[in-house]
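The values are calculated or read from the model by the stated rules, or taken from the named source; none is laboratory data. Please read these numbers as outputs of a predicted model, since none were measured by experiment. Every residue, glycine among them, receives a Cβ derived from its backbone with ideal geometry; neighbour counts consider all protein chains shown. With ligands, DNA and RNA removed, areas are computed over all heavy atoms of the protein, side chains included. Shrake-Rupley method; radii C 1.70, N 1.55, O 1.52, S 1.80 Å.
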Amino acid sequence: MAEIKVPELAESITEGTIAQWLKKKGDQVSKGEYVVELETDKVNVEIISDYDGVLTELLAEEGDTVKVGEAIAIVGEQGSAGNDQNTAEAGRETESPDEPAKHENGSVEGQNTENNAADQSTNDAASERIIASPAARKLAREKGIDLTKVASQDPLGRVRKQDVESYSPEQKNNQKPAGEKNEAQKAAPAGKSDDDSRVERIKMSRRRQTIANRLVEVQQTAAMLTTFNEVDMTAVMELRKKWKDRFYEENDVRLGFMSFFTKAVVAALKKTPYLNAEIQGDEIVLKKFYDIGVAVAADEGLVVPVIRDADRKNFAEIENDINELAEKARTNKLSLKDLQGGSFTITNGGVFGSLLSTPIINGPQVGILGMHTIQLRPVAIDKDRMENRPMMYIALSYDHRIVDGKEAVTFLKRIKELMEDPESLLLQG
């Protein structure tokens with residue numbers, strides 16, 4: 001027999017959630033074949049089997065949290081070892097409690113043993129009614145713990161492995177045992193509260209929990225401030241209109257606004273290097289590379305894949321990278337490498353119609369640029385003329401601990417200048 005364990009994923013990932021078992025108990029598996037999908041706080045990864053055989057036992061259920069290095073399944077060679085063990089365990093569990101055990105000399109145990117067996121049978125029957133994961137049942141058997149006395153932290157009353165691990169006979173009286181929770185659960189169907197059936201409860205995905213925790217953490221640890229400016233998009237729109245057909249023919253990708261803003265951000269970061277940095281302890285780490293994160297709204301939540309070495313890429317290469325990363329995000333195929341190491345982030349709420357916002361920094365970065373919807377607004381051309389121009393508000397949120405207002409305003413002003421004279425971006429290295 002062999003164990004399938006959660007492999008090392010990345011330095012910052014220590015645990016994940018079982019999203020979906022791709023194989024069932026009793027299925028034949030081959031070495032290198034995917035058996036389970038694991039949801040981490042960044043991406044979903046599929047774990048393979050390192051062995052040939054039969055999946056004899058699942059040690060975790062869908063929704064369970066598992067740690068790196070933890071065994072989550074058992075593979076038996078041709079299923080024999082695992083099946084023999086399961087059969088033996090099943091035989092022990094189905095032994096009649098009324099049948100007295102015999103000593104080696106053939107004598108029958110007395111009345112006390114029969115009473116103990118009857119009591120154990122009652123406990124076993126009660127435990128079987130408890131909803132518990134296989135891993136929890138296995139651990140409870142090993143420790144001799146009665147599952148009916150284990151308090152569950154699961155909102156549905158299911159006992160998990162961690163509940164058994166944290167069990168102690170002195171658990172507080174105000175904690176309801178799993179059995180009582182299950183009875184309450186029968187009275188109140190899943191997704192409904194006890195006193196109001198007009199609500200639905202949905203468990204947050206691991207990614208959504210991580211997003212929530214990190215956004216709160218940034219607001220609590222960074223001295224975040226936002227400054228604004230506006231850009232006249234006339235010149236960019238005219239340039240796109242002039243070159244879009246030829247650009248597509250030569251590069252097989254459409255020319256969008258994001259490549260212009262990415263090039264402008266790189267140029268502005270070179271002028272204000274403290275926005276391309278992070279804080280580590282009492283040190284400021286200035287980054288000499290320009291890996292620009294682009295926020296993408298996926299079904300599972302916001303992700304920020306990274307365009308590597310954006311300063312060395314032309315418009316077509318940047319547009320290709322953006323399209324590929326966005327497609328990976330939509331199909332849940334982003335790798336950890338795609339998400340790690342960004343030095344600055346751009347987010348475009350304008351695609352959803354946002355007129356103005358204050359984006360939250362993507363820690364440990366110290367700056368994020370927010371783009372917004374393009375709106376025709378009257379603009380004073382000079383003291384005598386007004387024109388309707390396609391205008392966009394842009395916002396820079398920054399960590400005031402190391403970025404001063406002068407640098408933040410300089411950065412946004414530089415973005416504005418480059419976007420209103422987009423041909424000058426060709427001169428930027």
Practice problem: Using the heavy atoms of the protein chains and a 1.4 angstrom probe, tell me the accessible area per residue for segment 251-298 in square angstrom. | Solution: 42
Exercise. Could you tell me the distance between the Cα centroids of segment 279-352 and segment 230-267, to the nearest Å?
Key: 18
Quiz item: With every protein chain kept in the model, how would you rank Phe260, Phe352, Phe315 by accessible area, 1.4 Å probe, largest at the top?
Solution: Phe352, Phe315, Phe260
Exercise. Just order 357-365, 402-410, 212-220 by mean Cβ neighbour count inside 10 Å, highest at the front, would you?
Key: 357-365, 402-410, 212-220
Quiz item: What length, rounded to one decimal in nm, is gained on full extension from Ser168 through to Asn314, with 0.36 nm per residue of separation minus their alpha-carbon distance?
Solution: 46.3 nm
Quiz item: Just how much of Lys333 is accessible, in Å², when a 1.4 Å probe is used and the result is rounded to the nearest 10?
Solution: 140
Quiz prompt | Antiparallel DSSP beta bridges within segment 296-397, as percent of all bridges there, nearest 5 | solution = 80
Quiz item: Given the Cα-Cα distance of Leu426 and Ser335 and 0.36 nm per residue of separation, how much length would full extension add, in nm?
Solution: 29.6 nm
Quiz item: How large, in percent, is the carbon and sulfur part of the accessible surface of segment 343-429 at a probe radius of 1.4 Å?
Solution: 54
Self-check item: Distance-filtered residues of segment 212-253 - backbone nitrogen under 17 Å, label point 7 angstrom along Val351 Cα→Cβ
Solution: 253
Quiz item: Under the definition of Cα pairs under 8 Å and six or more residues apart, what whole-number percent is the relative contact order of segment 231-380?
Solution: 21
